[in-house]
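Every number here is computed from the coordinates shown, using simple stated rules; none is lab data. Keep in mind the model is a prediction, meaning the values are calculated, not measured. Positions of Cβ are generated from backbone atoms using ideal geometry, with glycine treated the same way; all protein chains shown enter the neighbour counts.
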Amino acid sequence: MSPRRSAAEALATRARIIQRSTEIASEEGLEGVTIGRLADELEMSKSGVLGHFGTKEGLQAATLDDAFVNFWHRVVDSATGYPAGMPRLRVLCENSVNFLADLELPGGCLLTAASSEFDGRPGQVRDLVAASWTQWRGRLRDEFTAAVDGGDLPPDFDVEQAIFEIIGTGLALNQELQLHHDPQAVDRAHRAIHRALGNG
């Protein structure tokens, strides 16, 4: 076997482990992800699973990081072609709602679930959860600042309040979709964000 093929197979195996870990975590939380369970379900040895991540916490962190990369690609990267400020901000917010509405995971958004599961638990995973949400908040803050500087929003616009409402809308949307299966949830989220952007 060539080194290139071996490396490609290792990456494919790692991706398969993370995919199953993500499915479990979306329904049961990251603590539902165990090395033994993944080894059994994927017909691997425990050492084979651990070899890709080192520890259970490393596997949890890799699963969470993969979820955030997916979120960033679908929500943020796809908005970069729009003008900075309000035009891009609107697309970012629309993308974030659509991301939650279209997410093909049995238990909804892993990032949202992990924020509740690990908010009071110190460690690598909690730090990664906090860093992910901080990065998303920072991206919104940058676009709000550009919107204020460009005159799309008044100088005294409360940026931090708007970010709070947008983040809260996302958390509420995930709950309404997963817990209550509310068919109006996506429309309600769009209206809430429309108000948060200063549109009444």
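Sorted ascending by nearby beta carbons within 10 Å, beginning with the fewest, 109, 93 become 109, 93. Just so you know, the Cα atoms of region 1-110 work out to an Rg and Dmax of 16.9, 53 Å.
Nearest 10 degrees is fine. How inclined is helix 3-28 to the longest principal axis of the chain, computing both from alpha carbons? Roughly 60 degrees between the two axes. Annotation: the residues 181, 73, 190, sorted from fewest to most other C-beta atoms within 10 Å of their own C-beta, follow the order 181, 73, 190.
Peptides 80-88, 138-146 ranked from most to least packed give 138-146, 80-88, packing being the mean of other C-beta atoms within 10 angstrom over each peptide's residues.
Its Cα gyration tensor gives region 106-179 an equivalent ellipsoid. The semi-axes, each the square root of 5 times an eigenvalue, are 28, 16, 9 Å from largest down.
For the chain, the C-alpha radius of gyration sits at 1.16 times the compact-globule guess of 2.2 N^0.38 Å, with N the residue count.
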